[in-house]
Every structure is written in structure tokens, then in C-alpha cells.
Amino acid sequence: MFRFILRRVALTLPTFVALMFVTFVAVRLVPGDPIEARTGERGIAPERLALLRHELGLDQPVWKQFLDYANGIVHGDFGVSIVTKTPVIQEFAVLFPATLELAFCALIFAVVLGLPAGVLAAVKRGSVFDHAVMTVALAGYSMPIFWWGLLLIMFMSEYLGLTPVSGRMDLINYYFEPVTGFMLIDSLLSDQEGAFGAALAHLVLPSIVLGTIPLAVIARMTRSSMLEVLGEDYVRTARAKGLSPLRVVGLHALRNALIPVITVIGLQTGTLLAGAVLTETIFAWPGVGKWLIESIARRDYPALQGGIMLISGIVILVNLIVDMLYVAINPRIRHGG
Amino acid sequence: MRVITPKVALAAAMLTVLSAPAFAAKTLVYCSEGSPENFTPALNTTGTSFDAARPVYNQLVEFERGSTKVVPSLAESWTVSPDGKELTFKLRKGVKFHSGVNGFTPTRDFNADDVLFSFERQWKPENPYHKVTGGAYDYFNDMSMPDLLKSIDKVDDYTVKFTLTEPNAPMLANLAMDFGTIMSKEYADFLLKKGTPEQFDQIPVGTGPFSFVAYQKDAVIRFKAFPAYWGGPAKVDNLVYAITPDPTARYAKLKKGECHVMIAPNPADIAALKTDPVVNLISQPGLNIGYLSFNTQKPPFDKKEVRQAFNMAIDKAAIIKDVYQGAGQAAINPIPPTIWSYNTTIKDYPFDPEKAKAMLAAAGVKTPLDIDLWWMPVQRPYNPNAKRIAEMMQSDLAKIGVNAKLVSYEWGEYRKRLQQGEHMTGQLGWTGDNGDPDNFFFLLGCAAARPGGQNLSKWCNKEFDDLINKAKTISDVAERTKLYEQAQVIVKEEAPWFTIAHSVVYEPTRKEVVDYKVSPLGRHEFYGVDLK
């Protein structure tokens with residue numbers, strides 16, 4: 001067990017280095033000059049251009065820029081944003097709670113709907129319900145996020161008037177200071193009547209949009225994993241013993257069927273964070289996704305690099321943790337590899 | 001960037017009480033498009049950042065809301081010396097600064113020291129704030145202030161004298177621009193002593209109608225009405241900027257009442273906005289021009305006749321109809337008709353492909369002629385779809401035997417190459433900053449024709465250049481108008497540009513918004529606006 005974990009952690013290190021390199025190169029391949037993007041429409045004197053390039057270290061050879069950057073990251077320094085002059089890690093820390101809150105709610109939405117749908121589809125295999133779940137899951141999986149978001153805004157907010165259009169809070173009626181950065185918690189701390197409800201209402205649409213792809217994946221995975229387990233001998237034995245269908249499915253089958261599903265849920269962290277980039281833009285959600293998009297527009301290399309590194313780092317870490325959990329649940333794994 | 005201090009919490013608590021239904025505080029919400037870089041206009045070049053700082057600040061002189069007319073603000077009156085080189089401002093007395101959310105409380109009223117500080121920060125490298133927050137003062141430098149200013153002197157506490165190296169008529173309008181914003185010297189000193197000068201640009205303290213409460217990047221900026229404002233308190237209690245980058249979401253929010261005023265609607269939504277029962281769609285011709293520049297340093301565009309022929313070969317009316325879809329008018333002169341000195345007697349070239357063909361032949365141009373035609377990769381207020389325009393021009397030009405190859409680059413690269421004069425023909429445009437004609441005419445002046453300069457036609461006509469340079473030094477508007485009218489005659493005859501259009505600016509507001517005015521300068525201003 002211990003050796004497995006050690007090997008797994010050791011494997012993560014080169015992944016990080018590769019990630020560092022790829023991010024560095026990719027960011028520089030984005031066309032456009034950070035200084036041009038910064039100074040706007042007016043012409044810039046060549047002397048000042050040279051000075052700015054020097055200040056940002058852009059006049060250094062590329063290999064040296066990379067070494068400086070790698071050295072910084074090793075020491076926890078993700079650079080300073082060209083635009084805001086704030087350390088990238090500091091900006092990230094302010095924005096990440098918003099993304100985390102959204103991703104968490106989206107995941108809850110996906111799991112709460114996806115698991116039962118998958119289980120029921122498997123139990124009632126071949127039924128109309130099964131086909132419906134599979135069709136909806138396929139549609140959800142292939143839905144372009146931007147379009148889906150706008151569609152929901154049009155229907156839920158504009159037509160039915162059920163949910164707010166965008167943002168994290170009702171700005172006309174409520175105002176309180178961020179304490180934790182999580183709107184659901186801050187609204188409760190604020191003691192303002194109705195604030196929590198308003199915060200929750202603002203989370204509904206973005207959570208649905210962001211949770212749709214994970215929901216589809218979880219439903220499909222649960223169904224296939226469940227089908228496999230339902231065919232196992234011990235399930236048949238349990239049935240033969242005369243246990244109620246609910247006990248057979250709920251107690252015996254589901255517990256074992258969940259193992260691969262947990263892995264899939266872990267893998268969805270990446271999807272959630274990647275989806276956040278678009279979802280946050282549509283819903284004016286002030287999280288890291290939106291910040292990354294703006295950083296691209298401004299050619300803010302340090303923010304872009306740092307942001308991608310931090311997000312990818314989190315995804316890698318979550319997957320590492322999921323792998324370990326997996327091993328803890330299912331001891332067969334550690335002998336296999 | 002999030003700013004939290006005990007003072008903010010207190011202000012928040014007070015706001016909470018105020019926003020309780022019993023008091024029915026009025027909160028005006030503006031759906032803006034992006035986050036400001038900071039709150040010091042002198043450091044910025046984007047409309048987004050200027051709009052965010054404007055509620056907090058004043059300038060010596062200002063543009064009247066909804067127009068380009070320069071009116072007194074922190075300066076009550078001014079005099080210009082007979083030689084035009086000295087501007088003396090009499091400052092308004094009893095003007096209060098806000099208290100900062102970071103513990104700053106002003107001990108004195110606004111005076112000449114604040115004016116000196118605000119300009120010296122941009123001008124003098126020895127000013128302790130010169131290098132703070134990047135320290136790039138693009139507008140101050142672009143407006144040639146370092147060359148124009150000889151000195152700024154405090155005559156007494158309420159009199160400031162600007163001495164110029166040469167007379168400059170647009171100076172007053174320039175000072176009304178955002179880089180002319182007056183900040184508090186006392187606040188600057190306070191933060192310097194505290195060792196946090198960078199807060200100066202993040203937690204703004206000004207004399208304006210609204211004071212700053214809090215800013216959460218990419219989410220919201222909050223202001224509240226400043227009760228002691230010298231012009232009288234604002235009509236709403238709170239002003240909130242809801243930062244909403246997507247135009248479709250902005251429109252949806254406006255419809256639902258989550259915001260009252262929105263910036264930049266999607267052109268595709270204009271038709272729906274016009275018939276929307278909750279929306280007032282205000283529109284106004286924008287202070288802008290979109291044009292196609294001919295590089296006069298590259299043959300055959302060095303010949304006037306060729307440029308004229310091109311002017312006749314392109315169907316401008318079709319472009320206005322198809323691309324601007326009613327949100328623009330055909331441009332005849334290099335300045336929009338909303339600006340003073342516009343020459344109404346000038347006639348545009350007729351659309352006449354046959355004559356264009358004949359003129360090309362007479363100029364000795366052999367067809368088929370291969371040229372390149374550059375189009376901008378982005379949408380701008382003055383040009384909603386440069387690619388589509390380029391395609392329409394391409395098909396018109398094909399009819400007179402000209403093969404136009406369409407070329408484009410990434411936006412920054414595009415502008416750089418155009419300014420270097422690498423193109424044969426290329427689209428660009430301009431939005432006015434201050435309502436002075438010089439702010440448009442300099443685009444065709446000889447100084448800007450240098451490689452890297454903003455004169456994309458690289459056209460240097462001595463007669464024209466003399467006229468605009470002379471006009472700049474005269475302060476009499478009638479006399480300047482005459483010179484500019486003459487200059488427009490020359491531009492039309494010499495045709496360094498194919499002038500495309502002046503676009504119309506749309507500002508959707510909700511019906512309960514009272515007295516919102518569209519700014520021809522593209523500003524968004526909320527002092528004086530009320531909610532029913």
C-alpha cells in the first residue's frame with residue numbers, strides 16, 4: 001500500500017514538470033504581444049516599449065525566462081500579473097472560492113440526479129425510462145456550454161422569471177462584505193433576511209449548466225457499472241435468498257458498483273474546472289475561469305501561466321487522492337500494477 | 001482585488017440599514033462590460049476604466065453631460081492671456097473630498113495643491129507617485145502635454161496658472177478629458193506616510209458626486225451618493241456597477257430589472273430592444289469615423305486620380321445598409337457631423353464604376369491591378385464588421401478590374417503594421433476623445449505620417465497641414481471653423497481616405513430611469529440620473 005502511494009506520488013512529479021513546460025510554451029504561442037494588448041489603441045514609442053519589455057523580463061532569452069519561471073514556482077511564486085501588478089497567487093486566492101462554490105454545487109447536482117438515474121436505468125434495463133436516460137445523457141454530454149447557458153437564461157429567467165440572470169448576488173436589495181468568499185456562507189453570516197435564498201437562487205442556473213456534462217457521465221457510468229454487478233454471482237445468490245429487490249440493489253450491488261463511479265466523479269474535477277471557464281463568462285461569475293479568459297485577452301502571461309498551473313495542479317492532486325481512495329476501497333488494485 | 005476594512009464593514013452596515021424597505025433607498029445598477037484596471041484615469045486608456053472612476057472624481061473643466069460642450073467644474077472660471085500662452089483658473093471654494101474606506105478623513109477642502117499634485121504626478125519623475133502602479137501616463141504623453149506645458153503654478157490657494165510653450169486651442173477640451181482628473185494631495189500624503197501608496201489607485205478618494213464603497217474584481221463596484229457634493233447630492237442613494245461581459249446576459253438582466261442601464265447591446269438585439277416594453281432605447285450619432293486608408297506612399301495610390309477613382313468604385317450606400325443596418329450614416333468628411341466646424345457644403349463622390357474605370361485608365365493604371373485590402377480582426381464602435389465591408393469592397397473593385405486580396409492580422413499586430421505603412425489599403429477608424437476637431441484632423445497631419453504614426457495614409461499635404469496647425473493655435477472658434485472647413489475641402493479633393501461611416505451609439509435603459517443622457521464621447525455618467 002505504502003509503496004503504491006509512493007510510486008504514484010513519484011509519477012506526479014514529472015507530470016508537474018511537463019505541465020510547467022507545456023504551459024510556458026503554449027502561453028507564448030498565443031498570438032499577440034502583451035505590451036500591445038496593454039497599451040491599447042494608441043502608438044507606443046520604441047524606447048518605452050523596450051523599457052516595458054525589460055521590466056517584464058521579456059527581453060531575456062526564452063530559456064532564461066523559463067528557468068526563472070520554474071524556479072519561482074518551486075518556491076511558491078507564481079509571478080506577478082502584468083495588468084494588475086498583484087501576485088498571481090493572491091488574485092487566485094480571492095477568485096477560487098467562487099469557482100469552488102460553483103463547482104461544488106454543480107457536482108452535487110450531477111451526483112444527486114446522476115446516481116439514481118443510472119441505477120434505475122440499469123435496474124429497468126431496456127425500458128422506456130432506460131432509453132430516455134441514455135438519450136438525455138447523450139444530449140447533455142454533447143451540449144455546447146455557451147448555448148446551453150443562454151438557452152436556460154432565456155427560458156428560466158426571462159420567460160418563466162424563476163431565476164436571476166447572472167452574477168452571484170441580488171445587488172439591488174442586499175449588500176454585505178465577503179468574509180469567507182463563499183456566497184452561501186457569507187449570506188448566512190450577514191444576518192440579512194432573504195440573503196441566503198438570493199445567493200442560492202443565483203447558483204441554480206450556473207450549477208445546472210456546469211453540472212450537465214458530469215451528470216451525463218455519472219449517469220452512464222453508474223448504469224454500466226450497475227449492469228455488470230447485477231450479473232455477478234453474489235447478486236444472484238442474494239436474490240435467491242429471497243432478499244427484497246431494494247436490499248439487493250441498494251446494499252449488495254450499489255456498494256460494489258460505486259467503485260468505478262467514484263473514480264469517474266474524481267475525473268470530473270477537470271471537466272468542472274474547464275467548464276467553469278465558459279460557465280463563469282456567461283453568468284458573470286467572478287471566478288478563476290473568467291479571470292483566465294480575461295488574462296488571455298490581455299496577454300497577461302504570468303496570470304495565464306500561473307492560473308493554468310494552479311488549476312491543473314489541483315486537478316492532478318484530486319486525481320491522486322481519488323486513486324488512493326480507490327486503492328483503499330479496493331485492495332485488488334495494488335497487486336495488479 | 002477585494003478591499004475590506006472595518007470602515008467598509010461599517011459602511012456596509014449603514015447601507016444595509018439604508019436599503020431596508022422602510023427607507024426605500026434608490027439603487028441604480030449599471031451593467032458594465034468589464035473590470036477596471038484601477039481607479040486612476042491618468043494611468044488608463046480604456047473606456048471601461050474611465051467609466052468606473054468617473055462617479056468619484058471631477059476635473060477642472062468638464063464636458064456637459066450628454067454633449068461635448070466644455071463647462072466649469074472644479075474651476076469656476078478661467079482666462080486666457082492675449083498671446084494664448086497662459087491659462088489662469090479660478091478654483092471653486094468649499095469643495096469637500098470623500099473620506100476613504102481605508103481610514104482617510106480629509107482635514108481641508110480642495111485647493112490649488114491638489115491640482116498641482118494631479119498633473120505633477122504624470123509630469124514630474126521626482127513626484128513620489130510618478131512610478132506608482134506602473135506609472136505609464138499614455139494620454140498625458142499622447143496629448144503632447146510634456147512639450148506643451150512650460151509650468152503649472154499656484155498663484156494662491158484658489159488660483160492656478162498653466163503656462164504653455166505655444167498657444168493651444170484644444171487645451172481646455174483636453175483638460176476635460178479623464179487624464180485631467182483632480183485627486184487629493186492630502187490623501188496621497190496620508191498613504192505615503194502609511195507606506196501603502198498603491199492603495200491610492202485602488203481605493204479612490206475624490207470630490208465627485210459618489211464615493212467609493214467596495215470593488216470586487218469581475219463582479220461588482222459599489223458607490224454611494226456623497227451628501228456633501230458641491231453640485232448637490234445625487235438623486236439615487238447607491239450606484240452599483242454589475243460587471244457583465246456577455247451582451248446577451250446584459251440584455252436579459254436589463255429585461256428582468258437586475259440592472260437599469262446597460263452598455264453596448266448586441267447589434268442583433270437592436271430590433272428586439274426597439275419594441276421591448278420595459279426598455280427605452282436611446283440612440284445618438286457617435287463621435288466617430290470608420291475609414292479605408294490608401295497608402296499614398298505606394299503606387300498607384302500616390303496618384304490623386306487613382307484614390308478618387310476608388311472613391312467612386314465602392315458602393316457606400318450598400319455598406320451602410322448591409323453592415324451598419326441602420327446604425328450608421330455615410331461619412332463624407334473625416335470628422336463626424338456632430339462636431340463643430342463640419343463642412344456641410346461638401347459633396348461625396350458619386351458611386352460611378354464606369355467613370356472610375358475611365359479615370360484609372362486615364363491615370364495610366366493597367367488593369368487587372370493587384371492590390372491588398374486590410375481588414376481589422378475585431379469589432380469596433382465605428383466598424384461592426386470589417387471583414388464583411390472588405391468583401392463588399394472587393395466585389396465592387398473587381399468590377400473596375402482591381403483584384404483586392406483580403407489581409408488581416410491579430411489586432412495589436414494589425415495596428416502596428418498599418419502604422420508602419422506596410423499596407424496598400426486598410427480599414428481602421430477613430431472615436432473622438434474630447435469633441436475638438438483637432439482630435440480628428442491630426443490623423444491626417446504630416447507629424448503623424450512618420451513610420452509608426454497614426455496617419456495611415458502617410459499623406460503629408462503642406463497646405464492641409466498648415467491649416468490644421470494654424471487652427472490649433474487660435475482660440476477664436478469662428479476663425480478655427482473657417483480653417484477647418486477649408487481643410488475638409490482639401491481632404492475631399494485629395495482623397496487620402498475612403499470615408500465609410502459614422503456609427504450610431506445605442507444605450508438601452510429601463511423605462512423607470514429618468515434623465516439618462518447618451519454621451520457622444522461614449523461615456524457613462526450617472527450624476528443627475530433618477531429612478532421613478
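The values are calculated or read from the model by the stated rules, or taken from the named source; none is laboratory data. Predicted model, so just to flag it, every value in this text is computed and none were measured. Virtual Cβ from ideal backbone geometry, glycine too; neighbours counted across all protein chains shown. Note: areas computed on protein heavy atoms with side chains; ligands, DNA, RNA excluded. Shrake-Rupley method; radii C 1.70, N 1.55, O 1.52, S 1.80 Å.
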Discussion item. Given a Förster distance of 56 Å, report the FRET efficiency between residue B:228 and residue B:81 from their Cβ-Cβ distance, rounded to the nearest 0.05.
Written reply: 0.95
Practice prompt. Note down the nm distance, to one decimal, between modelled labels 7 Å out along Cα→Cβ at residue B:304 and at residue B:153.
Written response: 4.8
Worksheet, complete the sentence: Of the listed pairs B:255/B:511; B:96/B:124; B:124/B:217, those with alpha carbons more than 19 Å apart are B:96/B:124; B:124/B:217
Worksheet item: Hey, got the dipole for chain B? About the Cα centre, +1 on K and R Cβ, -1 on D and E Cβ, debye to the nearest 20?
Response: 840
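Note down the net charge around residue B:460, summing +1 for each Lys or Arg and -1 for each Asp or Glu among other residues with Cβ under 15 Å from its Cβ. If you can, show how the numbers build up before the last one.
On the way: positive: B:298, B:304, B:307, B:450, B:458, B:462; negative: B:302, B:463, B:465, B:466, B:494.
Its environment carries a net charge of +1.
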Worksheet item: Put +1 on the Cβ of every Lys and Arg and -1 on every Asp and Glu Cβ in chain A; which of A:296, A:100, A:265 then has its Cα farthest towards the positive end of the dipole?
Response: A:265
Worksheet, complete the sentence: Partner aspartates and glutamates whose C-alpha sits under 20 Å from that of residue B:357, ignoring same-chain residues fewer than 8 away, are B:302, B:305, B:315, B:348, B:370, B:372, B:391, B:396, B:493, B:494
Practice prompt. Compute the whole-percent fraction of alpha carbon pairs in segment B:132-255 spaced more than 24 Å apart.
Written response: 50
Practice prompt. Show the residues, 5+ positions off or on another chain, whose built amide H is closer than 5 Å to the amide H of residue B:58.
Written response: B:182, B:207, B:208
Discussion item. At a cut-off of 30 Å², which residues of segment A:163-182 become less accessible once all protein chains are present than in their chain alone, using a 1.4 Å probe?
Written reply: A:165, A:166, A:171, A:172, A:175, A:177, A:178
Practice prompt. Once you have the Cα-Cα distance between residue A:104 and residue A:200, take 0.36 nm times their residue separation minus that, and quote the gain in nm to one decimal.
Written response: 33.3 nm
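For the protein assembly as shown, report the accessible area per residue in Å² (1.4 Å probe, heavy atoms, rounded to an integer). Display every interim value, and only then the final one.
Numbers: 36140 Å² over 869 residues.
With all protein chains present, the protein assembly as shown gives 42 Å² per residue.
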Worksheet item: With axes computed from alpha carbons, what is the tilt in degrees of helix B:185-194 against the longest principal axis of chain B, rounded to the nearest 10 within 0 to 90?
Response: 70
Discussion item. Counting just the Cα atoms, what span does segment B:132-179 cover along each of its three principal axes? Round to the nearest Å and put the largest first.
Written reply: 32, 25, 18
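Would you mind checking the pairs B:316/B:458; B:355/B:405; B:304/B:347; B:298/B:492; A:85/B:93 and listing those with alpha carbons more than 26 angstrom apart? Let's see the in-between values first.
Working: B:316/B:458 23 Å; B:355/B:405 23 Å; B:304/B:347 17 Å; B:298/B:492 20 Å; A:85/B:93 37 Å.
Listed pairs above 26 Å: A:85/B:93.
Past the 39 angstrom mark, what percentage of all C-alpha to C-alpha distances in chain B do you count?
Details: 43778 of 141246 pairs.
Value for chain B (Cα pairs over 39 Å): 31 percent.
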Worksheet item: For the residue pair residue B:96 and residue B:266, what label-to-label distance in nm results when each label sits 7 Å from Cα along the Cα-to-beta-carbon direction?
Response: 4.5
Response to the item:
To the nearest 0.05, the calculated FRET efficiency linking residue B:481 and residue B:64 through their beta-carbon distance, R0 being 30 Å, is 0.90
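Report, in debye and to the nearest 20, how large the dipole of segment A:128-221 comes out about its Cα centre when Lys and Arg carry +1 and Asp and Glu carry -1 on their Cβ.
Here segment A:128-221 has a charge dipole of around 400 debye.
When the accessible area of segment B:172-238 is split by element with a 1.4 Å probe, what percent falls to carbon and sulfur?
Details: 1070 of 1900 Å².
The nonpolar share, carbon plus sulfur, comes to 56 percent.
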Response to the item:
Expected unfolding gain across residue A:325-residue A:262 under the 0.36 nm per residue rule, minus the alpha-carbon gap, is 21.8 nm
Practice prompt. Set the Förster radius R0 to 60 Å, insert the Cβ-Cβ distance between residue B:422 and residue A:234 as r into 1/(1 + (r/R0)^6), and round the FRET efficiency to 0.05.
Written response: 0.20
Worksheet entry | Simple spin-label estimate for residue B:124 and residue A:59 in nanometres, 7 Å along Cα-Cβ | 2.9
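Mind checking A:282-291 for the average number of partner chain beta-carbons within 10 Å of each residue's beta-carbon?
Details: counts 5, 3, 12, 2, 8, 2, 1, 0, 6, 3.
Shielding by partners across A:282-291 averages 4.
Using only protein heavy atoms and a 1.4 Å probe, how much accessible area in total is buried between A and B, to the nearest 100 Å²? If you can, show how the numbers build up before the last one.
Numbers: alone 18570 and 21750 Å², together 36140 Å².
Chain pair A/B: roughly 4200 Å² of buried accessible area.
When N is the residue count of segment B:80-121, what does its C-alpha Rg come to as a fraction of 2.2 N^0.38 Å? Kindly include the intermediate steps, with their values, before the conclusion.
Details: Rg = 14.4 Å, N = 42, 2.2 N^0.38 = 9.1 Å.
After normalising by residue count via 2.2 N^0.38 Å, the value is 1.58.
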Fill in: Angle between chain B longest axis and helix B:353-362 axis [Cα atoms, degrees, rounded to 10]
70
Worksheet item: Quick one: which of B:470/B:517; A:290/B:69; B:90/B:193; B:85/B:462; B:154/B:470 span more than 27 angstrom between C-alpha atoms?
Response: B:470/B:517; A:290/B:69; B:90/B:193; B:154/B:470
Worksheet item: Which whole number gives the average, over all residues in B:239-248, of C-beta atoms from other chains lying within 10 Å of the residue C-beta?
Response: 5
Worksheet item: Which of B:38, B:393, B:243 sits closest to the plus end of the dipole of chain B, meaning its Cα is farthest towards the positive end, when Lys and Arg get +1 and Asp and Glu get -1 on the C-beta?
Response: B:243
Worksheet item: If you wrap a convex hull around the Cα atoms of the protein assembly as shown, how much volume per residue is inside, in Å³?
Response: 201
Worksheet item: How many angstrom separate the Cα center of segment B:214-252 from the Cα center of segment A:305-329?
Response: 40
Discussion item. Net charge within 12 Å of residue B:300 by Cβ-Cβ distance, Lys/Arg positive one each and Asp/Glu negative one each, not counting residue B:300 itself?
Written reply: +2
Item to complete: Grab the other residues whose beta carbon is less than 11 angstrom from that of residue B:95, score K and R as +1, D and E as -1, and report the net.
Response: +1
Item to complete: Let me know the mean shielding of B:253-266 by other chains, meaning the per-residue number of their Cβ atoms within 10 Å of its Cβ.
Response: 3
Fill in: Estimated vicinal HN-Hα couplings, Hz - segment B:148-156 in sequence order (Karplus 6.51, -1.76, 1.60; Gly, Pro = x)
6, 7, 8, 7, 10, 10, 8, 6, 8
Worksheet, complete the sentence: To the nearest 10 degrees, the tilt of helix A:2-29 (Cα long axis) against the first principal axis of the alpha carbons of chain A is 40
Worksheet item: Share of chain A's accessible area from carbon and sulfur, percent, 1.4 Å?
Response: 70
Worksheet entry | Protection proxy ranking of B:447-459, B:34-46, B:117-129 - average other beta-carbon atoms within 10 Å, highest first | B:34-46, B:447-459, B:117-129
